[in-house]
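The block underneath contains the structure these notes are about, expressed in structure tokens.
Where a number appears in this text, it was derived from the coordinates with a stated rule and is not lab data. Please read these numbers as outputs of a predicted model, since none were measured by experiment. Here Cβ is always computed from backbone atoms with ideal geometry, including for glycine, and neighbour counts include all displayed protein chains.
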Amino acid sequence: MAELHFSVPGRVESIQLRGHDFFIKRDDLIDPLLSGNKYYKLYRLIHTPAEELHTLRSWGGSQSNAMLAIAALCHRKGWCFEYTTRNLPKHLKSAPTGNLKTALDLGMQLHEMPQDRMAAAITAMRCDAMPGCLSIAQGGADPMALEGIHHLAESIEQWRLQMGFEQLNLVTPSGTGTTASYLARSLPHLSVLTTPLVADRNDLIAQISQLMPLPDNLNILDRGRRYRFAQPEAAFLLLYEELRSTGITFDLIYGVPMWHTLLRHLDHIEGPILYLHSGGLTGNATMLDRYRQAK
Ligand SMILES: *Cc1c(COP(=O)(O)O)cnc(C)c1O
């Protein structure tokens, strides 16, 4: 089997934004498709010999970053990838774009389901009793992720000691909250700042609670008002450009809204801030199209 090659994670850069210094962990550079927290969440599978599995199954949104990362992993391992999502809108079905197109090009087998049959379909997809088949919860919210997030925690801790920082604030946006909560658990002496992008605060807490007791050092920052997931907002587009002018591009769905919330709370945060760049840039093209259409 061919070895999978990834850039060595860990490079940290610094930027200045609105007069403040921020450190950025460039995990977006690990791999074009399997980057950032998805690399760590799938770490165990990346290091699983190809012959141990033949099929991965998962479910979730039709432009999901987790979907794309699993598709890339399966493509490289020679595993079959079966993915269930809600019935696609007509335009996407006739001409797939973005992460969906890339995942299909990588051989992902897509199963569409009406919303009211999703719950039953998910139950039917669980294949833990079938040798060689593995089902991964939506967005990779799986205890399997702990091993890889632990590696992430170790590389952060190494960097912190090198820098001689007593205190450190880690910033990572939450979809399922798996990354933020496992990171908080792995680094109980540091503070992890996050904000809910997909759900609201209570739903995020409920989802994390399915994995583990809510860690004390996990700080869920308030977004100030309600936002819809992946909804174009004029303020986000401006901030996207402002961030780009520092030389680093962030994703419009998780990264930019996380920065938006972080900047709201900046006056109350003490000590250095390390932002974990989790990639997701493959979704920017379709988001920018939506911004253009929304004008
Ligand atoms: C998947 C993803 C997240 C959310 O990670 P969770 O562990 O589900 O909270 C955040 N940022 C980016 C860029 C992602 O792709």
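Where both bridge residues fall in the chain, DSSP classifies roughly 20% of the beta bridges as antiparallel.
Given a Förster radius of 41 Å and the C-beta distance between His265 and Arg44 as r, what FRET efficiency does 1/(1 + (r/R0)^6) yield to the nearest 0.05?
On the way: r = 33 Å, r/R0 = 0.82.
That pair, His265 with Arg44, gives E of 0.75.
Taking the chain as the region of interest, the number of lysine pairs whose Cα atoms are within less than 23 Å, with members eight or more places apart or on different chains, is 10. Specify the inter-centroid distance of the range 197-275 and the range 31-88, based on alpha-carbon positions, in whole Å. Taking the Cα centre of the range 31-88 as reference, the centre of the range 197-275 is 25 Å away. Cysteine residues of the chain whose C-beta has no other cysteine C-beta under 4.7 angstrom: Cys74, Cys80.
Using the Cβ-Cβ distance between Ala206 and Arg228 with R0 set to 22 Å, the FRET efficiency works out to roughly 0.70. Mean residue ellipticity, 222 nm, helices only, the chain: the sum of -39500 (n - 2.57) across DSSP H runs of n ≥ 4, divided by residue count and rounded to 500, is -11500 deg cm²/dmol. Using 0.36 nm per residue and subtracting the Cα-Cα separation, the extra length available between His91 and Thr246 on full extension is 52.2 nm. Which parts of the range 233-271 would a label at Met163 reach, counting a residue when its backbone N lies under 16 Å from a point 7 Å out along Cα-to-Cβ? Under 16 Å, as judged by backbone N against the label point of Met163, lie 269-271 of the range 233-271.
Given Cβ point charges of +1 (Lys, Arg) and -1 (Asp, Glu) and nothing else, what value in debye, to the nearest 20, does the dipole of the range 40-193 about its Cα centre take? Present the calculation step by step, with values, prior to reporting the outcome.
Numbers: 13 positive and 12 negative charges, 96 e Å.
The dipole magnitude comes to about 460 debye.
To the nearest ten degrees, helix 65-77 and the longest principal axis of the Cα atoms of the chain are 60 degrees apart.
Can you give the extra length, in nm with one decimal, that the chain gains between His54 and Ala124 once fully stretched, where that is 0.36 nm per residue apart less the Cα-Cα distance? Display every interim value, and only then the final one.
Details: separation 70, 0.36 × 70 = 25.20 nm, distance 1.77 nm.
Gain on stretching His54 to Ala124: 23.4 nm.
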